[in-house]
Each structure stands twice: as structure tokens, then as C-alpha cells.
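Note sheet for the following structure.
Readers should treat all values here as calculations from the given coordinates under stated rules, not as data from a laboratory. For clarity, every value in this text was computed on a predicted model and none was experimentally measured. When we count neighbours, we look across all protein chains shown, and the Cβ atoms used for this are built from the backbone with ideal geometry, even at glycine.
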Amino acid sequence: MKICIYGAGAIGGYMAVQMKRAGIDVSLVARGPHLAAIRENGLKLLIDGEERVAKMPATKVAAELGPQDFVIVGLKSHQAWESAEDMAPLFHDETAVVTAQNGVPWWYFYGLEGPYKDLRLSSVDPGDRQWNAIGPQRVIGATVYPATEIVEPGVVKHIYGDAFGLGEPDRTKSDRLKAFGDALDASGLKARYYDDIRDDIWLKLWGNLCFNPISALTRATLDVVATDPGTRALAKNMMLEAQGIGEALGARFRVNVERRIDGAAKVGAHRTSMLQDLEAGKPLELDALLSAVQEMGRLIGRPTPYIDAVLALAKQMGRSFDVYPTFPEAAPQAVAAE
């Protein structure tokens with residue numbers, strides 16, 4: 001089994017070291033000082049009080065690696081969109097692509113029966129770039145739960161968690177899904193299978209779509225956002241809007257909104273990824289977390305006033321710091337239902 005991790009950042013690096021140590025043929029696509037450090041010293045993982053080092057092929061040019069059995073996309077959604085055509089040399093006829101991004105995935109409506117079957121979301125895939133260059137038939141959906149960070153180039157620190165949600169977009173129990181899950185399990189990672197991976201995508205998105213932008217706008221940590229009466233109420237209203245959209249499209253939420261918020265509060269004084277990106281001057285991942293939900297709401301004719309307001313504020317903040325837009329501006333393809 002050959003696996004390429006395209007975008008070997010914090011999560012990708014964690015997976016790579018664990019998989020390599022398990023004897024899996026792993027290669028990396030990375031860039032900049034991180035790539036240089038990996039090539040010189042190997043990829044280092046700080047976990048459970050020890051330093052684990054693994055050496056593996058690493059490049060910024062995917063064509064140097066050749067066809068793979070699995071490609072794990074560890075980039076953020078806007079970076080994955082930009083890199084769609086560059087992944088082509090990694091594919092053979094049966095290559096599966098594991099999408100490990102937060103938010104609504106570009107393939108969301110692939111394999112769904114009903115009036116929206118195979119609908120494309122312009123907010124996360126302008127011009128159908130990933131749909132055409134990768135192809136939704138290659139996709140295995142994934143949700144990522146470990147917390148990791150790059151502490152210096154070539155060095156990844158594991159903070160907590162080891163679970164990954166997995167599922168085929170068409171809800172089948174495929175051989176490739178089992179093979180990839182077995183590879184995770186063999187690497188000390190935990191594969192959790194879902195009949196419909198969209199349910200788990202919504203559960204994770206549910207918190208990210210409110211906690212991330214509110215924390216970036218206020219500079220507050222997660223425990224404050226989830227417990228201050230004003231920001232908690234705002235988060236709850238955004239989540240209820242999203243839940244209505246998700247359920248209207250067939251998703252199931254296995255916990256209620258109060259429990260989801262309480263769970264976030266228990267994480268403690270955590271700086272959300274969007275707040276960290278803002279402070280580091282990196283592009284804000286607003287489109288996959290918020291714009292796509294807004295687009296889906298318009299598609300089915302459900303208003304999203306709280307999401308609209310927070311998204312407008314976050315976009316303007318992002319523009320003022322030159323960290324938005326992350327995708328080219330494009331008018332949504334989806335239109336409100338009659």
C-alpha cells in the first residue's frame with residue numbers, strides 16, 4: 001500500500017510518522033522550511049513524552065512520487081482547491097482521495113439521491129475545479145479529531161486525540177474504506193466508520209462555524225466564547241440555523257446544541273484555529289465553515305440571519321488584515337427554492 005500525504009502540516013505530519021513507523025510506504029508533499037527540515041533531519045513527532053523520528057520521501061512536486069493507492073489531502077480547503085490539478089500525477093485508476101479538511105466538502109452532494117444530486121457548491125469549489133480534476137468518485141470522506149501543531153519546521157507536537165471518522169459519500173462499505181481504516185488502526189490511530197460521514201462532518205462543523213469566527217472577531221478563547229452569555233447565545237443561534245439546514249438535507253445530529261456547546265467549554269482556554277491563523281497572518285478558512293452553509297441555506301430557502309451577520313463581519317475583518325478572500329469571489333450557483 002502506497003500513501004501520499006498531500007499537505008504534510010501538523011495533522012498530516014502526525015499521521016505520516018505513525019504510519020511510517022507501522023511499516024506503511026508513506027511519502028509527503030510539503031513546502032518551505034518545513035520541507036527542508038524534513039529532508040535534512042526526517043519528520044519528528046513529539047508524543048507521549050518521547051520524540052519519534054521517521055524518514056520518508058518528501059517533495060513539493062507531486063509528480064516525483066508517482067501513482068499512489070491513497071492520497072490524504074491535509075491542506076485547508078482553499079489550498080486544496082488551488083492544488084487540485086497538481087495532484088493528478090499521484091493517481092492511478094483506483095486511487096482513493098481522503099479529504100481531511102474542516103467544513104463542508106466540495107463533494108457534499110455526490111451520491112445523494114433527490115433534487116440536489118451531484119450539485120456543486122461554488123463557495124468551496126469555484127468553477128468545479130476539484131470536482132473535475134480529482135473526481136468525486138475517488139473520495140473517502142474524513143473527519144479529523146486529533147489536536148496537533150508544528151512547533152518548528154520539521155517538528156510536530158501531538159496534543160490530544162487519535163480518532164478519524166471515515167465514510168464513503170455513497171454510504172457503501174467498500175473494500176478501500178476498510179483497507180484505509182485498517183492502515184490507520186495499524187498505525188496507532190483510530191478509525192471510526194459512519195453510515196453517512198456527512199453526519200459527523202456536520203457535528204464537527206457545527207462548532208467550528210460559530211466558535212472559530214466568534215473567537216477571531218473577539219480574540220476570546222473557546223471557554224469564554226462558550227460560557228459568556230452573549231457569545232454563547234450567538235453561537236447557539238448560529239448552530240440552530242445550521243442544524244435546520246443539515247436536517248432539511250437529511251443529516252442527523254446525535255447530540256443537542258446545549259451539549260455541544262458545553263463540550264466546547266470543557267476544552268478550556270483554547271485558541272481556535274481561526275484565531276491562531278488571524279494572529280499568524282494566514283488566510284481565514286471562512287468559506288468552508290460559513291459561506292458553504294449560507295449557500296446551502298439559500299439552496300433550500302432557509303434564512304440564516306445570524307450566520308450572515310457573523311460571516312459579513314469576519315469577511316470584513318479578514319479583508320482589513322489581508323487574509324480574505326481565500327477563494328476567488330464567485331456568485332453562488334445554488335439558488336433559493338421556490
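Beta-bridge orientation, the chain: approximately 35 percent antiparallel, per DSSP, counting only bridges with both partners inside. Amide H to amide H, with H built 1.01 Å from N, Ala58 comes under 5 Å of Leu28, counting only residues 5 or more places away or on other chains.
Once you've got the Cα coordinates, tell me which of Lys20/Lys44; Lys44/Lys266; Lys76/Lys173; Lys204/Lys266; Lys60/Lys157; Lys20/Lys55 are over 18 Å apart. The pairs that break the limit, which is 18 Å between Cα atoms, are Lys44/Lys266; Lys76/Lys173; Lys60/Lys157. Let me check I've understood the local charge: for Ala96, count other residues with C-beta under 9 angstrom from its C-beta, Lys and Arg +1, Asp and Glu -1. What total comes out? Residues near Ala96 contribute 0 overall.
Shown here: volume of the Cα convex hull per residue in Å³, derived from the displayed model; of the candidates (1) 124; (2) 148; (3) 136, it corresponds to (1).
Ranking Pro325, Ile47, Ser273 by how far each Cα lies toward the positive end of the dipole of the chain (charges on Cβ) leaves Ile47 at the top.
Put simply, the amide H of Phe91, placed in the peptide plane, has neighbours under 5 Å in Gln68, leaving out anything fewer than 5 places away on its chain.
Counted by Cβ distance under 14 Å from Glu247, the other residues give a net charge of +1, where Lys and Arg count +1 and Asp and Glu count -1.
Calculate the FRET efficiency for Arg319 and Val151 from the Cβ-Cβ distance with a Förster distance of 41 Å, rounded to the nearest 0.05. Calculated transfer efficiency: 0.85.
Taking amide hydrogens as placed 1.01 Å from N in the peptide plane, the amide H of Tyr193 sits under 5 Å from those of Leu166, each at least 5 positions away in sequence or on another chain. Identify which of Glu94, Glu247, Glu40 has the largest mean-square fluctuation in a Gaussian network model of the chain, with springs joining Cα atoms closer than 10 Å. Of the options given, Glu40 has the highest mean-square fluctuation. I'd like the FRET efficiency for Tyr160 and Asn132, computed as 1/(1 + (r/R0)^6) with the beta carbon distance as r and R0 of 41 Å, rounded to 0.05. Once the sixth-power term is evaluated, E becomes 0.65. Taking the DSSP bridge list for the stretch 2-195 and keeping only pairs wholly inside it, about 35 percent are antiparallel.
Quickly estimate the mean residue ellipticity at 222 nm for the chain, helices only: each DSSP H run with n ≥ 4 gives -39500 (n - 2.57), and the total goes over all residues, rounded to 500. All intermediate terms of the calculation are to be shown ahead of the outcome.
Details: 12 runs with 137 residues, N = 338.
My calculation for the chain gives -12500 deg cm²/dmol from helical runs alone.
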